1. Given R₀ = 45 Å, what would the calculated FRET efficiency be for residue 24 paired with residue 61, taking r from the Cβ atoms and rounding to 0.05?
2. Scan the stretch 70-154 for chymotrypsin sites (Phe, Trp or Tyr not before Pro) in coil per DSSP, keeping those whose Cβ has at most 16 other Cβ atoms within 10 Å, and list them by number.
3. For every other residue with a beta carbon closer than 13 angstrom to the beta carbon of residue 230, add +1 if it is Lys or Arg and -1 if Asp or Glu, then tell me the sum.
4. Can you check what the net charge comes to around residue 88, using other residues whose Cβ is under 13 Å from the Cβ of residue 88 (Lys, Arg +1; Asp, Glu -1)?
5. For residue 193 and residue 9 in the same chain, what is the full-extension length gain: residue separation times 0.36 nm, less their Cα-Cα distance, in nm?
6. Hey, how many Å between the Cα centroid of the stretch 89-105 and the Cα centroid of the stretch 149-205?
7. Nearest 500 deg cm²/dmol is fine: what mean residue ellipticity at 222 nm does the chain get from its DSSP H runs of n ≥ 4 alone, each adding -39,500 (n - 2.57), divided by its residue count?
8. Counting other beta carbons within 10 Å of each residue's own, what order do 203, 125 fall into, fewest first?
Amino acid sequence: MICPECGKLIGVGEPRCPFCGAWRPGLYGVTPRLQRLFGGRLDLVGVIVASCVALYVLALALDPGAIMGGGLFNLLSPSDGALGRLGMTSAYDLATGRWWTLLTAIYLHGGLLHIFFNVMWIRQLGPAVTETYGPARAFVIFSLAGVAGFMLSDRLSPYPSVGASGSIFGLLAALIVYGRRRGGTHMTAQLWQWAIALFVIGLIPGMHVNNWAHAGGFAGGWLAATAMRFGDEKRESVLVQALALALLALTAAGVVLSLLNTA
Ligand SMILES: [Zn+2]
């Protein structure tokens, strides 16, 4: 296996890394397993996109009356009832202890255009964040940005929220943090333009966009990314890989909890 501290090739059972002295680098077999998982078998951007699509289809299936119900602009828009059963978030949900909706709402979408554009942005930005930070760090940034966005919007807005937009703003922020630290002025300017354009579109009256979630997601993504190292500076630690898996498991458990909670 590869020592998570210094990156040299060592035996799994070594009590200490002979090169850097790291204590129990193999963690009784946990480290090499995580390295294999994040080293290729687990495509987290693919998992995110597939989860968004699967939950969108499930939300429509839970309340098929809403499929044609809303007129042209709300075509294929899941009902609030169906989104609520899968883990939409609101101030009321937080007040009544449904904290996991901060995670589950990231993967829910209110309409065909909403999910189409969000999936497009995730596929555009996700691989770049994965490449620069590493897959586990990228997933932690994506999740924490979404949580930060909904924490802000649940606090400041009376409306319930869904959507990966806050997380997408977090991915944009992470790439800007990367560009600034690496001196990529052209790339950074381009990313700022995207972030500002997306934010301004949200301010158009009648767009029903959750601007608080966008701002909170951007701030959350920025903070999370600033606290992290890049993939070429330091390998992802067992801790951040475990955190990514824990967030993934919590999100999946959150959808189940929501369904049980509203059954
Ligand atoms: Zn080492």
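1. Values: r = 47 Å, r/R0 = 1.05.
Result of the calculation: an efficiency of 0.40.
2. Values: sites: 73, 92, 99, 100, 107, 116, 117, 121, 133, 139, 142, 150; in loops: 99, 100.
When the chymotrypsin sites (Phe, Trp or Tyr not before Pro) of the stretch 70-154 are filtered for loop state and at most 16 Cβ neighbours within 10 Å, 99 remain.
3. Values: positive: 137, 180, 181, 182, 229, 234, 235; negative: 131, 232, 233, 236.
Spelling it out: positives minus negatives among the neighbours equals +3.
4. On the way: positive: 85, 98; negative: 63, 80, 93, 154.
Every neighbour counted, the sum reads -2.
5. On the way: separation 184, 0.36 × 184 = 66.24 nm, distance 4.27 nm.
Gain on stretching residue 193 to residue 9: 62.0 nm.
6. 22
7. It comes out at -20500 deg cm²/dmol, rounded to the nearest 500.
8. Numbers: 203 10, 125 23.
Ordered by Cβ neighbours within 10 Å, fewest first: 203, 125.
Just so you know, all these numbers are worked out from the coordinates, no wet-lab data involved. No experiment lies behind these values; they were computed from the predicted model shown. Every residue, glycine as well, gets a Cβ built from its backbone with ideal geometry; the counts of neighbours run over all protein chains shown.
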